[in-house]
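The values are calculated or read from the model by the stated rules, or taken from the named source; none is laboratory data. Just so you know, these numbers come straight off a predicted model, no measurement behind them. We place every Cβ from the backbone using ideal geometry, glycine too, and count neighbours over all the protein chains shown. Quick note on the areas: whole protein, heavy atoms, side chains included, nothing else; ligands and nucleic acids left out. Shrake-Rupley method; radii C 1.70, N 1.55, O 1.52, S 1.80 Å.
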Amino acid sequence: MTSLTWISQKAWIWSFVGAFVVWLATALYIGGAGGTAVITTALSFATFTVIVGIGQMFVITTGPGNVDLSIPATISFSGAVAMKIMDGSNAMLPIGFAASMACGLVVGLFNYILIRILRIPPIIATLSSSFLVLSTAIAYGRGLKIKPPPLLAEFATARLLGIPVLAIVIILFAVVMSVVLNRTMYGRSVLAIGQNQRAAWLAGINVERIRFYTYVLSALLAALCGFLLSGFSGGASLNMGQEYLLASIAVVVIGGTSVAGGKANVPGIWGAAMFMFLLVTMLNTFGVSAGIRLILTGLIIVAVITIAGGDKPPR
Amino acid sequence: MVDRLTSPRFLRAVLPAASFAILLIAIFYLKPRTMSYFGLNLMLQYTVPIALATIAQMFIITVNDLDLSIGPFVGLTACIGATWLADTPLLGILALAGCVAAYAALGALIHWRNLPSIVVTLGMSFVWLGIAVLILPTPGGTAPGWVKWLMGVKTPVVPFPIVATVVIGLVVHLLLMRSSYGAVLRGAGGNPRAIGRAGWSLLKTKMVMFGAAGFFGVLSGLSLIGLTSAADAHIADRYTLYAIAGVILGGGEFVGGRVSPIGAVIGAMTLTLTGSFLTFLKISPDWQIGAQGGILIIVLALRALINRREGLV
Amino acid sequence: MNASDETIVALEDVAKHFGAVKALDGVSLTVTSGECLGLVGHNGAGKSTLMHILAGTLDPDRGTIRVGGSDLSNRYNVGVAGENGVRCVFQELSLCPNLTVAENARVFHPSVTGFGWKRRAGTLIREMLDEIFPGHGIEAEDVVGDLSIGKRQMVEIARAFTTTDLPLRTVILDEPTSSLDAVTSGQLLRFIRRVLEQGVSCILTSHVLGEVLDVSDRIVVMKDGLVIATRKGSDFDRNSLVAAMGNVVEIDEIEQHEAREKLRGVAPVVVEAAADRARDTVSLTAHQGEIVGLAGLAGHGQTDLILKIYGAAMRGKGPVNVTRPVALVAGDRQTDGIFHLWSISANIGIRSLAKTVRRGLIDPLAEAAIGAEWRDRISIRTPDMQNNILSLSGGNQQKALFARALASDAEIILMDDPMRGVDVGTKLEVYDLIRAEAEKGRTFLWYTTEMDELYNCDHTFVFRDGAIVADLARGDLTEERVLHSSFQESA
């Protein structure tokens, strides 16, 4: 019993173990110094998944049925708006960043209004709003071929002692969010609501306000991801958010956060993001085709959720 | 009489058909030329595959789940249809049957482990896409002749897409709304505990509904290549969203087993028409999806309004 | 057609525990054909558990179940019950709201299938409705979700009596009249008498004692998971039945309470609220430092009023006048109270987190200090407050919920029948604590279904059918009066 509880509490460790095993296999296959290069690349790319993953984690933790499907649209929208406003100029960086955050705020607000006023399940609410947001992004950013301001591009790709600076920043950010989750009124409230919304309300928690903060937080992080990602990849593209729908949910689930709500883990998101990227890298180095790669990615997610499933509240 | 016409139930039932009619009238007004056999045929061409995918999604929603993989799944069946089914029909049929069985198995897995369907189906969407890419790495293939023939049938007076869509709606209506086991299936969405207490197997209802969804997904893929004649793994990616929107436009509820097959196919037709409507309004195609999202939100808002009034009565 | 004495259902030494709570503690029961068995008892006496076991929706921990002479103990479930002619009308309705009346009848009868099933199912249910509730005004094509709760209950009852290819021997009716009006209740009772003559037997519970007395051939009185009396229906009258259900309590603290009664009118009013269906406009008032009891049978509007007061306090507005911060002690621990993934300490601290925040962050030491303080004050029995809340026994979990409310800044404590299934020792400890806190000026609103607990209250309001029907000062409180107010005079 105790060892079982221990493992179920530390389920997120497996994401790091998985990441390490996959990395080891890749490193042995390519041999030599290639292994470190793989790690730094993985850190760069995983960073973006982690940013949106953290937002998605808070949303999912508020309980069954809560999930943010508007993340990809928000990424594209925020990226397009920021690029167009900054127009490649360093001086406009703060304004571009503010605009990007404003995009996130608007989307988050809109999502919450749909959920609260139209009383639609969050899945459908965020899905419908993502249609609108994506269209806005497409219409606004049509033919957008604007390079990011050099400063942003430099920051997004800079390395310190070979380690991506952005990754370091986001690791620190993850630490902060972990503290927010475990040591603030907000974080505790999210965890309580996820376990039992009714009990949380009866224990004096303002459930609606917490849900509002959570959807806004998720949208803000998606906007941040869009902003940084356009700096990293030399400009915004309209489908740059696409892969983050599954990725954001997958890293949350693989990282040991319970889909049933009430149990979340921030470090696990890093482990899971590294695992997901390293897995693709490994399959690539093994020369596996794109089809097999997709199938394995999908099957791993289904397998993890099947194993992790069942931890429903005892009713 | 007036009471009856303004009762929430009546308004809810009429909403899908009314939205469709209003949209159609608006199009006729903008482009009177569309009011012809040829015009309707062209505008509603893609209704058949979308309606079939919508029906598939509706089966899943009936039992309080949601399928985020129906688009890639339709893409996969389209790829199988344009390759194996055309070249070695037996292998093709077996593969398609396997797809349906896989869907039923997913239903069993979701029931057995009490899993959130959206995570499972999101994962499966990658699996379907991966298999499709393996089968057909680059766009191509050819649809079997009989599929092309079927989709190209010229019906008298009323264009084929309308006839086919109405037939699909009626057949599913008979199966789900009029059959005796259909009542049990819908009941499993309305009050699973009551169905369990009456001695029915909830595992079976879930497998039947997912299996049916898989079957209609296959039909959707085949009808799609009948129109395009070639396939591509990504050919139906947007169908996931179309299908959900179609069910909702058609008056289906997300939980509680309240769905309507007739409404769903009307929803699919409405969705197809939006595209033409926006083009005729000279709105850039950029706003296509956005407009669909907007319509979805408006319909949901109207419904919330109707429901709120019901709460006051 | 005469009723024979053939035994249809026989339970022997059936027991069921939920954790530490003994819902049924060895009950034996027989029902013979053509007999109506009335089942009465206080809340928590074990009636519902017993009915669920008979219906096959709960497995007993031990004991034998025989239906029609064959021992089915090892394979008894809903399906087997149905095959053997045992049907149940549950208190919580088991109709599918999205289906029509006819479709719901079909779901109940696997054999109604094939061409024309809808018509046959419709006829089946309509004929039964006509027979039981003439003039019911329900169509077979009506969607159940659109029907009023009373009509739904009529459909559910009628459905249980319809027969196709399966036998009908015993129908369990758990509070069948709770949503019916006087006319339809009367129709149902007359119908029950008629089916009894055809050899079908019934098991009936009702909060309207007159109904039970009217139709029952035999009445079984339950208390604390045991059968304490079985007699012929005609041997009971209203008073003797109430007496059989009740329990004698030593009253030794009356004088002390009477002193506190003087608080009324002196101390400020902190809560003023009317019940939902306040036809006789008695409204509830509570003064500072008072312990106010909310009595009556379970589910007659007490919890609704408590939630209404809580909601008004949380939102800072509403129809209720609440002037001080509130906290709530849940009675249904699993759904309203505990956070099952958290430690005991975290469960206690959640209501008081604001107190532990230092420089924007929760101080774990301060949080643990709250836990430690209340572990001593309310004596929660655990080796470590960091253990999971589920490691505690039910009574200690309940203490943790008390600690959560009492540790908070709340001056008004709402209690939603919190002592359900708590052992006597714990109860006495908590009573003392409540008294001590009330002395310090806290106000308690205490919904309880246990008579003994009312003697701890300074003032008691009795609820029936969503309304307050009696307003008893401490000196007027007797079990007799509460019971008489709780049970309707007649149907």
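Side notes on the structure shown:
So that you can scan it fast, the table gives a plain yes or no per residue for (1) open to solvent by 10 Å² or more (accessible area, probe 1.4 Å); (2) assigned to a helix (DSSP H, G or I); (3) of a type in the set (Phe, Trp, Tyr):
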residue	(1), (2), (3)
A:Gly32	yes, no, no
A:Ala42	no, yes, no
A:Thr49	yes, yes, no
A:Gln56	no, yes, no
A:Pro64	yes, no, no
A:Asp68	no, no, no
A:Ala73	no, yes, no
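- Counted residues, the stretch C:422-442 - those being in a loop (DSSP other than H, G, I, E, B) and open to solvent by 40 Å² or more (accessible area, probe 1.4 Å): 2
- The lone exception for A:Gly226 - which of (1) within 18 Å of A:Ser70 (Cβ to Cβ); (2) open to solvent by less than 20 Å² (accessible area, probe 1.4 Å); (3) within 12 Å of chain B (Cβ to nearest Cβ) it fails: (3)
- Any hit, the stretch B:103-120, residues being at pLDDT 95 or above and either under 26 Å from B:Ser229 (Cα atoms) or charged (D, E, K, R) (or both): yes
- Residues of the stretch C:155-177 that are open to solvent by less than 10 Å² (accessible area, probe 1.4 Å) and either in a helix (DSSP H, G or I) or under 15 Å from C:Asn84 (Cβ atoms) (or both): C:Val155, C:Glu156, C:Ile157, C:Ala158, C:Ala160, C:Phe161, C:Thr170, C:Val171, C:Ile172.
- Test result for C:Thr123, modelled with pLDDT of 90 or more and away from chain B (no Cβ under 12 Å): yes
- Taken over the stretch B:60-73, residues that are outside any loop (DSSP other than H, G, I, E, B) and either of a type in the set (Ser, Thr, Tyr) or open to solvent by less than 10 Å² (accessible area, probe 1.4 Å) (or both) amount to 6.
- Single residue of C:Leu54, C:Leu93 found to be modelled with pLDDT under 85 and within 14 Å of another protein chain (Cβ to nearest Cβ): C:Leu93
- The lone criterion from (1) at pLDDT below 90; (2) within 30 Å of B:Leu174 (Cβ to Cβ) left unmet by C:Ala140 is number (1).
- Every residue from the stretch C:443-480 that is touching a residue at least 12 places away in the same chain (Cβ under 8 Å), open to solvent by 30 Å² or more (accessible area, probe 1.4 Å) and of a type in the set (D, E, K, R): C:Glu450, C:Asp452, C:Arg464, C:Asp465, C:Asp471, C:Glu480
- Inspection of the stretch B:78-101 finds a residue satisfying the criterion of being in contact (Cβ under 8 Å) with a residue 60 or more places away in the chain, part of a helix (DSSP H, G or I) and within 13 Å of another protein chain (Cβ to nearest Cβ).
- Of all residues making up the stretch B:102-137, the number that are open to solvent by less than 10 Å² (accessible area, probe 1.4 Å), over 30 Å from A:Gly63 (Cβ atoms) and within 7 Å of chain A (Cβ to nearest Cβ): 1
- Residue match in the stretch C:156-166 (condition: modelled with pLDDT under 90, touching a helix residue (DSSP H, G or I) at 6+ places or on another chain (Cβ under 9 Å), within 29 Å of C:Gly38 (Cα to Cα) and of a type outside the set (Val, Ile, Thr)): yes
- Within the stretch C:393-419, the only residue that satisfies the criterion of being among the acidic types (Asp, Glu) and crowded, with 23+ Cβ neighbours inside 10 Å is C:Asp416.
- From A:Val252, A:Val304, A:Val280, A:Val288, residue being open to solvent by 10 Å² or more (accessible area, probe 1.4 Å), within 14 Å of another protein chain (Cβ to nearest Cβ) and touching a residue at least 40 places away in the same chain (Cβ under 8 Å): A:Val304
- Criterion (more than 19 Å from B:Gly226 (Cα to Cα) and either open to solvent by 30 Å² or more (accessible area, probe 1.4 Å) or not hydroxyl-bearing (Ser, Thr, Tyr) (or both)) met by exactly one of B:Leu23, B:Leu76, B:Leu52: B:Leu23
- Scanning the stretch A:115-126 for residues that are part of a helix (DSSP H, G or I) and facing chain B (nearest Cβ under 7 Å), we see that the one that is most open to solvent (accessible area, probe 1.4 Å) is A:Ile123.
- Within the stretch C:326-347, being surrounded by fewer than 18 Cβ atoms within 10 Å (Cβ to Cβ) and more than 9 Å from every other protein chain (Cβ to nearest Cβ) holds for one residue alone: C:Asp332.
- Summed over the stretch C:348-392, the residues that are within 14 Å of chain A (Cβ to nearest Cβ), in contact with a strand residue (DSSP E or B) (Cβ under 9 Å, 6 or more places away or on another chain) and open to solvent by less than 10 Å² (accessible area, probe 1.4 Å) give a count of 4.
- Residue that is closer than 26 Å to A:Arg116 by Cα, within 14 Å of chain A (Cβ to nearest Cβ) and open to solvent by 10 Å² or more (accessible area, probe 1.4 Å), where the choices are B:Ile295, B:Ile283, B:Ile248: B:Ile295
- Residue match in the stretch B:296-306 (condition: in contact (Cβ under 8 Å) with a residue 12 or more places away in the chain and either among the polar types (S, T, N, Q) or within 17 Å of B:Phe59 (Cβ to Cβ) (or both)): no
- Against the numbered list (1) within 14 Å of chain B (Cβ to nearest Cβ); (2) open to solvent by less than 40 Å² (accessible area, probe 1.4 Å), A:Gly271 comes up short only at (1).
- Qualifying residue in the stretch C:153-166 (condition: over 26 Å from the mean Cα position of the chain (by Cα) and either within 12 Å of chain B (Cβ to nearest Cβ) or not hydroxyl-bearing (Ser, Thr, Tyr) (or both)): yes
- For B:Ser179, the requirement of being of a type in the set (S, T, N, Q) and touching a Pro at 6+ places or on another chain (Cβ under 6 Å) is not met.
- Within the stretch B:49-86, tally of residues that are farther than 26 Å from B:Leu202 by Cα and not small (Gly, Ala, Ser): 11
- Single unsatisfied condition, A:Leu151 versus (1) in contact with a Ser or Thr (Cβ under 9 Å, 6 or more places away or on another chain); (2) at pLDDT below 95: (1)
- Hey, A:Ala139 surrounded by fewer than 17 Cβ atoms within 10 Å (Cβ to Cβ), over 18 Å from the mean Cα position of the chain (by Cα), among the small types (Gly, Ala, Ser) and part of a helix (DSSP H, G or I) or not: yes
- Subset of the stretch B:219-239 that is under 19 Å from B:Leu106 (Cβ atoms) and open to solvent by less than 10 Å² (accessible area, probe 1.4 Å) - its residue that is farthest from the other protein chains (Cβ to nearest Cβ): B:Ser220
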